Every structure is written in C-alpha cells, then in structure tokens.
Amino acid sequence: MAHTRVFQVSGGGGPLVEARRPVAAPGPGDVLVRVRAVSLNARDLPIVEGRYARPVPRGRVPLSDGAGVVEAVGAGVTRWQVGDRVVGVFHPGWLYGALPGWDTLYGVQLDGWLAEQVVVGEHDLVAVPEHLSFEEAATLPCAALTAWSALAGTGPGDTVLLQGSGGVSLFACQFARLAGARVLITTSSPHKADQLLALGAEVVDTPAQARDLTGGVDLVVEMGGGGRSIAQSIAALAMGGRIALVGNLAAGGGMDLTAFLARAATLRTTTVGNRADFERMNRAISAHRLRPVIDRVFPFDQANDAVAHFRARTGVGKVVVSVPHRGEQRPAGFSGAAART
Ligand SMILES: NC(=O)c1ccc[n+]([C@@H]2O[C@H](COP(=O)([O-])OP(=O)(O)OC[C@H]3O[C@@H](n4cnc5c(N)ncnc54)[C@H](OP(=O)(O)O)[C@@H]3O)[C@@H](O)[C@H]2O)c1
C-alpha cells in the first residue's frame, strides 16, 4: 500500500511530529486529493499546543484549510474528475442551512490537511477560483468565509469597524471594500499600518475614535469578545448597528446589555459558513479577481517553523505551508523558504 507524509500533534503540546501513513484508494463517494498548500488559523495554535477547548487525541493531523488536485475518485463520484483543483470546506457535511453541530472538525475529531494526501467526501470540496494559486486558495476555507459571513448585509455607504489585522480582519477589509463600505481598523501593531492603508482601511487607535470619525459605525466585526472589548464596540455603533461576533481573543468579563439595547443593536454569531456560502464567496472572488494577503509561505518540511512564525504574529497576512508535488523539488508557485507572495 502507498504511504503519505503527514505532520501530527505530539499530544504534549510539543512540536508537530512527522509520520508516514498508509493511503487507501478512495471509497464510494470519496476523493483522494494531492494536497498542494495548507494555511494556519488562530484555532490551530491551541490544537497544536494541547489546550484546545475540545479533546484532541495524540497523533491527530491538524489544520482545517487546504487546497490541492484530485488524484483519484471513488465509485459514484460525480462532482470531480482527476486533475480538478479543489479546496476543502471548513465544516465537512455542512452544505447549506444552519450548522448541524461541532462533530466534524478537522484537527479535532477528524484528521486535517497537514499531509501530502487526504481522502475527503466529494461534497466537502469546492473548486479553486481560476486566478488563484494553491497557496492563495488554501487561505479561504476558514478566515475568508468567516469574514464573508460576518459582513452579510453590508453594502455601499456602510461603515465597518475591524479589530486587529488577523486573517479574518484582512479578508473582512477586502470584502467590505468590495461591497463599497468604509473600513476602519484598530491594530496593536503600528508597524502594520502601511499595509492596512494599502488595503483601503483607515487605521484608528480606538473604537471611540472610529465613532467620532463616522458618527457611529454600522457593523463591528468583533474579534475581542470579552466584556471590555464588546462594550467598546457597542459604544462605537450607530443607531441600528450590528455586531458580528467572531472571536473571543480578549475573553473574560461581562457584557453591558443596557448599552446594547440603547443602540437597538443586533448581535449575530458567525460559525465560518456552509458550502453554499463558500461557493457564493468564490464567485465574488473570481468576479473581482480578489487575491488573499499572504505573509509567508513555508515548505512542508518546515511546518513547525510556520507554526512558530504564525504564533509570533509579526507579519500581515496568512501563513501558508506549501506541500511538494511528487517528483518536484519545489512546488509550482513556491518562491523560497520564507517568501512573500
Ligand atoms: N466564529 C468563527 O466562525 C471564527 C472563525 C475564524 C476565527 N475565529 C476567531 O476569530 C479570532 C481571529 O481569528 P484569526 O484567524 O483572524 O486570528 P489571527 O490571524 O491569529 O489574528 C490575530 C490578530 O488579532 C488581533 N488581536 C489579538 N488580540 C486581540 C484582541 N483582544 N482584540 C482584537 N484584536 C486582537 C491582533 O492584530 P494586531 O496585531 O493588528 O493588533 C493579532 O495579530 C480568533 O479568536 C479565532 O478563534 C472565529
């Protein structure tokens, strides 16, 4: 039986461990994907470091977001052919409607994409937008779709406040600008300001400054959560404003619901998005030839360096691991061990 290389969690919070796993031919309804790139998200750090909110078994392959090429299809597969460029969905099995549950998370209950090959259900893949590289496509399943979902209902003339320059915020900035909205963004890292300005955002020091500049924002994409962060977001809202609750990076404290009521505000939780949302988002990405912002690309062998670089959060944009193609020294589009793309 053929084997594939993977990285798996050590179980004790230590570095990822490289291993070889047998690869079976895809079963009925399944697809074998030759992985070409994977990307990192905030959730991957606690998974790798052994402090995720749900149990992660030792030996689990982490990372939810990957793109590659269909290498073989099982019996009855109709959506894909060998050679198709595909990207995985974040929640396998969630095709449309409301989130059915939290039982199919990559890196938690299911092995993820930090592998040379993966076998996934044919319904848990979407096509890569034609103009994107594998490295760019691998950034879409979690961060981009979360931003897309958080911005639902945003249009020309709206003002949107983003917190921090993380992966979700950067996509939210790009999509909000695409929709014709004014974007304001806070960052704790002043050296990132120039890159945020280049994306069309106005950099502000505080939510209060955003309120003063705009008379109140229509939407806050909330990354902090926690009492103080969300209280500041509520105070920055215009009448009828909305908060899309995405992150809980500043966890702790209570929430002032009185102020929330006084703004006649809406709070909506985001859980990434379903496959139908993903396909709609990709249509917008294709129509506008939008390109994800990538900070650095690491080769597969240096997966642990990619995790360390992502943990430091010194750069602007997604951190990607490029997976070598069999027989290739370097995958197409790969431009160096620590290249900016
Ligand atoms: N609900 C969902 O569907 C969903 C989906 C994806 C992610 N999330 C959550 O969303 C959050 C961001 O995810 P990500 O992948 O974009 O993370 P990321 O790429 O790791 O972003 C980290 C950045 O967030 C900013 N930040 C850190 N602490 C903050 C705080 N207390 N308040 C505001 N901003 C803060 C910092 O930006 P600066 O350096 O510019 O200050 C930091 O560099 C995480 O909590 C993640 O778990 C939720």
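The values are calculated or read from the model by the stated rules, or taken from the named source; none is laboratory data. Keep in mind the model is a prediction, meaning the values are calculated, not measured. Positions of Cβ are generated from backbone atoms using ideal geometry, with glycine treated the same way; all protein chains shown enter the neighbour counts. In case anyone asks, the SASA skips ligands and DNA or RNA and just uses the protein heavy atoms, side chains included. Shrake-Rupley method; radii C 1.70, N 1.55, O 1.52, S 1.80 Å.
Looking at the P(r) of segment 145-269, how many percent of alpha-carbon pairs lie beyond 22 Å?
Numbers: 1852 of 7750 pairs.
In whole percent, the long-distance tail amounts to 24.
Using 0.36 nm times the number of residues separating Ala19 and Thr266, minus their current alpha carbon distance, what extension gain do you get? Don't skip to the end; give the middle numbers.
Details: separation 247, 0.36 × 247 = 88.92 nm, distance 4.70 nm.
Once the chain is fully extended between Ala19 and Thr266, it gains 84.2 nm.
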Original post:
If you plug each phi of segment 237-244 into the Karplus form 6.51 cos²θ - 1.76 cosθ + 1.60 with θ = phi - 60°, what whole-Hz ³J(HN,Hα) values come out, in order, with x for Gly and Pro?
Top reply: 6, 6, 4, x, x, 10, 10, 9
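Rounded to the nearest 5, what % of DSSP beta bridges with both residues in the chain are antiparallel?
Values: 30 of 56 bridges.
Taking every DSSP beta bridge with both residues in the chain, the antiparallel ones total about 55 percent.
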Original post:
Rounded to the nearest 500, what is the chain's calculated 222 nm mean residue ellipticity when only DSSP H runs of at least 4 contribute -39500 (n - 2.57) each, over all residues?
Top reply: -6500 deg cm²/dmol
Original post:
Which cross-chain or sequence-distant (5 or more) residues have an amide H under 5 Å from the amide H of Leu237, H modelled 1.01 Å from N in plane?
Top reply: Val217
Original post:
Using θ = phi - 60° and the Karplus form 6.51 cos²θ - 1.76 cosθ + 1.60, what ³J(HN,Hα) does each residue of segment 120-129 get, whole Hz, x for Gly and Pro?
Top reply: 9, x, 4, 7, 9, 9, 10, 6, 6, x
Subject >> Whole-Hz ³J(HN,Hα) from phi, Karplus 6.51 cos²θ - 1.76 cosθ + 1.60, for segment 211-228, glycine and proline x >> reply: 4, 5, 6, 10, x, x, 9, 7, 8, 10, 8, 7, 9, x, x, x, x, 5
**OP:** In vacuum, with every alpha carbon of the chain counted as one equal point scatterer, what does the Debye formula give for log10 I(q)/I(0) at q = 0.10 Å⁻¹? Two decimals, please.
**Re:** -0.58
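Loop-only check: which chymotrypsin sites (Phe, Trp or Tyr not before Pro) in segment 82-151 are DSSP coil with at most 13 other Cβ within 10 angstrom? Please report the intermediate quantities before stating the final value.
Numbers: sites: Phe90, Trp94, Tyr96, Trp102, Tyr106, Trp113, Phe134, Trp148; in loops: Phe90, Trp94, Tyr96, Trp102, Trp113.
Qualifying residues, ordered by number: Tyr96, Trp102.
Give me the dipole magnitude in Debye, nearest 20, for the chain about the Cα centre, with unit charges on the beta carbon: positive for Lys and Arg, negative for Asp and Glu. Intermediate results must be reported in sequence, preceding the final value.
Details: 32 positive and 29 negative charges, 32 e Å.
Approximately 160 debye in magnitude.
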**OP:** Go ahead and set up a Gaussian network model of the chain, Cα springs under 10 Å, then flag whichever of Pro92, Pro22, Pro46 fluctuates most.
**Re:** Pro22
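Using a 1.4 Å probe, what is the accessible area per residue for segment 145-269, in Å²? Intermediate results must be reported in sequence, preceding the final value.
Values: 5270 Å² over 125 residues.
Ligands and nucleic acids excluded, the result is 42 Å² per residue.
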Original post:
Which residue, Leu132, Leu145, Leu40, tops the fluctuation ranking in a GNM of the chain built on C-alpha contacts under 10 Å?
Top reply: Leu132
**OP:** Using the Cα centre as the reference, give the magnitude of the dipole from point charges on the C-beta atoms of segment 66-182 (Lys, Arg: +1; Asp, Glu: -1; all else neutral), rounded to the nearest 20 debye.
**Re:** 460
Original post:
How big is the charge dipole of segment 202-269 about its Cα centre, in debye rounded to the nearest 20, if each Lys and Arg gets +1 on its Cβ and each Asp and Glu gets -1 on its Cβ?
Top reply: 220
Original post:
Amide H of Ile185: which non-local residues (sequence gap of 5 or more, or other chain) have their own amide H closer than 5 Å, using H built in the peptide plane?
Top reply: Leu162, Glu202, Val203, Val204
Subject >> Placed amide H near Asp65: partners under 5 Å, 5+ positions off or other chain >> reply: Ser39, Trp113
Original post:
Going by alpha carbons, how many degrees (0 to 90, nearest 10) lie between the helix axis of 303-312 and the longest principal axis of the chain?
Top reply: 10
**OP:** State the answer as a single residue: which of Leu95, Ala152, Leu170 lies farthest towards the positive end of the charge dipole of the chain, with beta carbon charges of +1 for Lys and Arg and -1 for Asp and Glu, about the Cα centre.
**Re:** Leu170
**OP:** Please build a GNM for the chain, connecting alpha carbons under 10 Å apart, and tell me which residue among Gly97, Gly273, Gly66 fluctuates the most.
**Re:** Gly97
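What's the longest uninterrupted piece of the chain once you rule out the GluC sites (Glu not before Pro) that are loop residues per DSSP with at most 10 other Cβ within 10 Å?
Working: sites that count: Glu130, Glu328.
Excluding the exposed sites themselves, the longest stretch runs over 131-327.
Determine the gain in length on full extension of the stretch Asp301-His3; use 0.36 nm per residue of separation and subtract their C-alpha separation, reporting nm with one decimal.
The Asp301-His3 span can extend by a further 105.6 nm.
With a ≥ b ≥ c the root eigenvalues of the C-alpha gyration tensor of segment 95-142, is it rounded (a/c under 1.5), prolate (a/b larger than b/c) or oblate? Present the calculation step by step, with values, prior to reporting the outcome.
Values: a/c = 2.03, a/b = 1.33, b/c = 1.52.
Oblate.
Report the full-extension gain for the segment Glu279 to Ala250: residue separation times 0.36 nm, less the Cα-Cα distance, to one decimal in nm. Before the final figure, lay out the partial values.
Working: separation 29, 0.36 × 29 = 10.44 nm, distance 3.16 nm.
Contour length minus the Cα-Cα distance gives 7.3 nm.
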Subject >> Residue list for segment 218-248, given a label point 7 angstrom along the Cα-to-Cβ vector of Ala208 and an amide N cut-off under 18 Å >> reply: 227-238
Original post:
How much of the accessible area of segment 145-269, in percent, comes from carbon and sulfur atoms when a 1.4 Å probe is used?
Top reply: 56
Original post:
How many Å² of accessible area per residue for segment 1-118, probe 1.4 Å?
Top reply: 42
Subject >> Euclidean distance between Cα centres, segment 218-250 to segment 80-98, Å >> reply: 31
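Which FRET efficiency, nearest 0.05, do Ala287 and Thr258 yield, Cβ-Cβ r, R0 30 Å?
On the way: r = 43 Å, r/R0 = 1.43.
Calculated value: 0.10.
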